[in-house]
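Notes follow once the structure below has been shown.
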Amino acid sequence: MYWFFTLILLALAARAVARLVLARASGGLPDAVRHAELAHAAMGLGMAILLVPGLPRPPTALSVSFFAALAAFAVFAWVRGVTARWRGRTTNCGCAPKNSAHLLDPHHAIVGAAMVVMLLYPAAGGMDMGGASAGGMAGMAGMTGAATGSPAVTVLVFLGYVWLSALVLGYGMTRLLPAAAEVDGGALALLGSPATVYGCELAMTVLTGLMLLS
């Protein structure tokens, strides 16, 4: 099962990298879009490394710093976008409908923070980074046994957010699927279409939730 999840995450990272490479050959992407795709690739690869069976886990401090940096970058991108809109400048990440594109940055920040919490508090329901991952039921038992503890409550809050986000992204993707069939412009347009990006966001969000549970 972990190999399956790892392959999904690598595929998500590869999609972002492929879009960057194809776009560079055709003139490049706007800075906001390029930065978002770089963050997608880094997040997918970072999560995959944590799941590869038999691969030694990176030091916890290194992993925490990595995901904290991704979360901070997402906050920075969000604040920059909000500031630009206040100043009347048009901003669009190029990866979702214009009226919801800016919502992906805070989502990325919260998902990055969820990974940090999972790494810092494995006993509260996250992955056991010191060795084999505990089963999902064991993780839930750990949260139940420490329901009044701060780490357990924090994990539960992030779990609630992640699964609610999965529902929202899933609904958004179903709304965008009819338009996806009409995408014209080759592989680059398909890789960056709103339906494709929503699908990738949904997959990564669900996997984040599973990692918090496992």
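The values are calculated or read from the model by the stated rules, or taken from the named source; none is laboratory data. Model, not experiment: these values are computed from the prediction. FYI the Cβ positions are ideal-geometry reconstructions off the backbone, even for glycines, and counts take in every protein chain you see. We work out accessible area using only protein heavy atoms, side chains counted, and drop any ligands, DNA or RNA first. Shrake-Rupley method; radii C 1.70, N 1.55, O 1.52, S 1.80 Å.
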Given (1) at positive phi; (2) open to solvent by 20 Å² or more (accessible area, probe 1.4 Å); (3) at pLDDT below 70, number of the condition residue 180 does not satisfy: (1)
Residue in the range 167-177 that is modelled with the highest pLDDT, counting only those that are farther than 18 Å from residue 105 by Cβ, surrounded by fewer than 19 Cβ atoms within 10 Å (Cβ to Cβ) and not charged (D, E, K, R): 167
Top-ranked residue of the range 44-62 - restricted to ones that are in contact with a helix residue (DSSP H, G or I) (Cβ under 6 Å, 6 or more places away or on another chain) and either closer than 18 Å to residue 201 by Cα or among the basic types (Lys, Arg) (or both), ranked as most open to solvent (accessible area, probe 1.4 Å): 45
Test: residue 83 is free of Cβ contacts under 8 Å to residues at least 24 places away in the same chain and among the β-branched types (Val, Ile, Thr): yes
Residue list for the range 1-36, restricted to those being open to solvent by less than 60 Å² (accessible area, probe 1.4 Å) and among the hydroxyl-bearing types (Ser, Thr, Tyr): 6
Members of the range 104-126 that are modelled with pLDDT under 65 and surrounded by fewer than 20 Cβ atoms within 10 Å (Cβ to Cβ): 123
Count of residues meeting criterion [within 18 Å of the chain's Cα centre (by Cα) and at positive phi] in the range 11-47: 0
Residue list for the range 189-214, filter: of a type in the set (Val, Ile, Thr) and at pLDDT below 90: 196, 197
Flag if residue 61 is assigned to a helix (DSSP H, G or I) and modelled with pLDDT of 90 or more: yes
